[in-house]
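The values are calculated or read from the model by the stated rules, or taken from the named source; none is laboratory data. Note that the structure is predicted; figures quoted are calculated from it, not measured. Because the Cβ atoms are built from the backbone with ideal geometry, glycine has one as well, and the counts that use them run over all protein chains shown.
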Ligand code: BES
Ligand code: MN
Ligand code: ZN
């Protein structure tokens, strides 16, 4: 989607439709909607007075004015009650109305910024959310659909603002919104790609192409290098697959390439059968999404590069395919991770934490100021929090608070869960230092405790995105499938560092 900004009058935009908005309960519209209402001799107020449009959140209505505006139609979007208004609602409202326009065959849409005027939000933030909503709401994953491509696709979005003093904010907000939304779409595309087409090597190749195109430096370890580095845990997880593991390092240098970096780590299990501890067949297809933590890191790194953030940021992906096979690792095996403490395998299905601990041990050499891992780690986290919040754990309260707040600002809710002495005790090994499962009680937390055991002296947070990484039904700003969760939260967190 081509996105541009313009200073001018929304009534004069050469587009297939213009978008206006209304708060619930407003009788006489103000702002841009009010201006257009006057130009149309009260046609919008009449729609409100007649009860056809109330401004209820996500409600839409369409008008074909005979004259007065250049575009043939107006699409109205309800913003809900002013006291419930938020940046989150801007993005959702924009998603709904843009999708509506697209389904009506609109190719070029001109929109005002939702909430930048009467809504009282920061103009750059509101613009960013308006653009994010438009791009994310119209996202489609059509790579594997044969036949004619969809004809109803929005091609151009113009963000129009009357007040020229807001020009810089509109421009920076629209730019940020586009770069962020494109990072989310990359994460969604990777997440939605099926296991057969996205083994670790292909994931690594795609990352390489992305990195080269946006100017990130990168290094890929193949299975031999992974072994020679001493990453016995990632090796064990990958050894049952004919398609070997990869360890991916991306780097954005920022203003000071010598500075201690912030590090993002993603679980990249390209397919999780459970291995010898084989999963039940029903629903196993969703385990193509078991690399969504990696997808979030990759999407975020693309955005970091495009925004050219001042901070030095490193992205790490531990990629493997978890398969049952004559060569696969088995329950009872004892493995030697890079982080020294040996692990007794209780379940080959608790593979994500194994892939991650080698990454968490590896990054010690960078002396990170903070490390954040993202992983579709436990079904227990889905049981605990459902699909509306990711689990958030860690060893540093400031970092946890900063991530929690980034989650609130972006609508990617991250809920703090504890790691307690009991959880650490649950994973003490009988035959080795640790075991890789702690039984049913507190399954998300024992997984957190397991990761924590390999975090050596740096601030660390863990996001369990098992419940939030993909949708089973369509939501306004996310169709069915991978959500790209994490990208917006991470970027918000990283932008607030500087
Ligand atoms: N990838 C799964 C976790 C998962 C399950 C994510 C369902 C999303 C939906 C992970 O590798 C796994 O299998 N975890 C096990 C751990 C158990 C064996 C301790 C689980 O949650 O059952
Ligand atoms: Mn598993
Ligand atoms: Zn898994």
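Mind counting the residues in region 300-334 that are part of a strand (DSSP E or B) and more than 16 Å from ligand 1 (Cβ to nearest atom)?
Number satisfying all stated conditions: 5.
Might you check whether a residue that is free of Cβ contacts under 8 Å to residues at least 60 places away in the same chain, over 30 Å from residue 189 (Cβ atoms), more than 16 Å from ligand 2 (Cβ to nearest atom) and in the same structural domain as residue 375 (by TED's automatic domain parsing) occurs anywhere in region 454-477?
no
Just checking, does region 447-457 include any residue being in a loop (DSSP other than H, G, I, E, B) and closer than 30 Å to residue 60 by Cα?
Taking every residue of region 447-457 in turn, none turns out to be in a loop (DSSP other than H, G, I, E, B) and closer than 30 Å to residue 60 by Cα.
Go through region 459-480 and give me each residue that's surrounded by fewer than 20 Cβ atoms within 10 Å (Cβ to Cβ) and over 23 Å from residue 124 (Cα atoms).
459, 471, 472, 473, 474, 475, 480
Here are some conditions: (1) in contact (Cβ under 8 Å) with a residue 60 or more places away in the chain; (2) farther than 22 Å from residue 128 by Cα. Residue 43 meets all but one. Which one does it not meet?
Only one criterion is unmet by residue 43, namely (1).
Results for (1) within 16 Å of residue 362 (Cβ to Cβ); (2) away from ligand 1 (no atom under 16 Å from the Cβ); (3) at pLDDT 95 or above; (4) crowded, with 23+ Cβ neighbours inside 10 Å, shown as yes or no for each residue.
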position	(1), (2), (3), (4)
218	yes, yes, yes, no
236	yes, no, yes, yes
246	yes, yes, yes, yes
252	no, yes, yes, yes
259	no, yes, yes, no
267	yes, no, yes, yes
277	no, no, yes, no
281	no, no, no, no
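Do we find a residue being within 10 Å of ligand 3 (Cβ to nearest atom) and either modelled with pLDDT of 95 or more or assigned by TED's automatic domain parsing to the domain that holds residue 451 (or both) anywhere in region 295-317?
Scanning region 295-317, I find no residue that is within 10 Å of ligand 3 (Cβ to nearest atom) and either modelled with pLDDT of 95 or more or assigned by TED's automatic domain parsing to the domain that holds residue 451 (or both), so the answer is no.
Tell me which of these residue 335 doesn't satisfy, since it passes every other one: (1) touching a residue at least 40 places away in the same chain (Cβ under 8 Å); (2) more than 12 Å from ligand 3 (Cβ to nearest atom); (3) within 24 Å of the chain's Cα centre (by Cα).
That leaves (3) as the condition not met.
Listed here are the residues, each with its yes/no results for (1) assigned by TED's automatic domain parsing to the domain that holds residue 369; (2) touching a residue at least 60 places away in the same chain (Cβ under 8 Å); (3) under 25 Å from residue 345 (Cβ atoms).
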| position | (1), (2), (3) |
| --- | --- |
| 245 | yes, yes, yes |
| 251 | yes, yes, no |
| 258 | yes, no, no |
| 268 | yes, yes, yes |
| 275 | yes, yes, yes |
| 281 | yes, no, yes |
| 286 | yes, yes, yes |
| 289 | yes, yes, yes |
| 292 | yes, yes, yes |
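Every residue, every condition in (1) within 16 Å of ligand 3 (Cβ to nearest atom); (2) crowded, with 21+ Cβ neighbours inside 10 Å; (3) within 25 Å of the chain's Cα centre (by Cα), yes or no:
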position	(1), (2), (3)
378	yes, yes, yes
391	yes, yes, yes
394	no, yes, yes
433	no, no, no
441	no, no, no
448	yes, yes, yes
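Restricting to region 432-465, name every residue that is within 24 Å of residue 333 (Cβ to Cβ), out of contact with any helix residue (DSSP H, G or I) (no Cβ under 7 Å at 6 or more places or on another chain) and away from ligand 1 (no atom under 13 Å from the Cβ).
Hits for region 432-465 are 432, 433, 452, 453.
How about region 1-37: which of its residues are in a strand (DSSP E or B) and either closer than 18 Å to residue 115 by Cα or out of contact with any helix residue (DSSP H, G or I) (no Cβ under 7 Å at 6 or more places or on another chain) (or both)?
2, 4, 5, 6, 7, 18, 19, 20, 21, 22, 23
Looking at (1) within 16 Å of ligand 3 (Cβ to nearest atom); (2) farther than 18 Å from residue 392 by Cβ, which is the only condition residue 426 fails?
So residue 426 meets the others, but not (1).
Can you tell me which residues in region 48-60 are surrounded by fewer than 20 Cβ atoms within 10 Å (Cβ to Cβ) and under 26 Å from residue 120 (Cβ atoms)?
The answer is 49, 54, 56, 57, 58, 59, 60.
Taking strands (runs of 3 or more DSSP E) that do not extend beyond region 147-266, which have at least 3 residues that are more than 22 Å from the chain's Cα centre (by Cα) and closer than 30 Å to residue 109 by Cβ?
Hits in region 147-266: 156-161.
Out of all the residues in region 468-486, which are part of a loop (DSSP other than H, G, I, E, B) and under 13 Å from the mean Cα position of the chain (by Cα)?
If the condition is that a residue be part of a loop (DSSP other than H, G, I, E, B) and under 13 Å from the mean Cα position of the chain (by Cα), then 468, 469, 477, 483, 484, 485, 486 are the ones that fit.
So how many residues does region 178-194 have that are buried (at least 20 other Cβ atoms within 10 Å of the Cβ) and either farther than 22 Å from residue 132 by Cβ or at pLDDT below 95 (or both)?
The total comes to 1.
Every residue in region 158-177 that is buried (at least 18 other Cβ atoms within 10 Å of the Cβ) and closer than 17 Å to residue 309 by Cα, please.
173, 174, 175, 176, 177, listed by residue number.
Among (1) under 20 Å from residue 298 (Cβ atoms); (2) part of a loop (DSSP other than H, G, I, E, B); (3) within 16 Å of ligand 2 (Cβ to nearest atom), which single condition is residue 287 missing?
Looking at each condition in turn, residue 287 falls short on (2).
For region 340-377, enumerate the residues that are closer than 17 Å to residue 296 by Cβ, within 11 Å of ligand 1 (Cβ to nearest atom), in contact with a strand residue (DSSP E or B) (Cβ under 6 Å, 6 or more places away or on another chain) and not in a helix (DSSP H, G or I).
Correct list: 375, 377.
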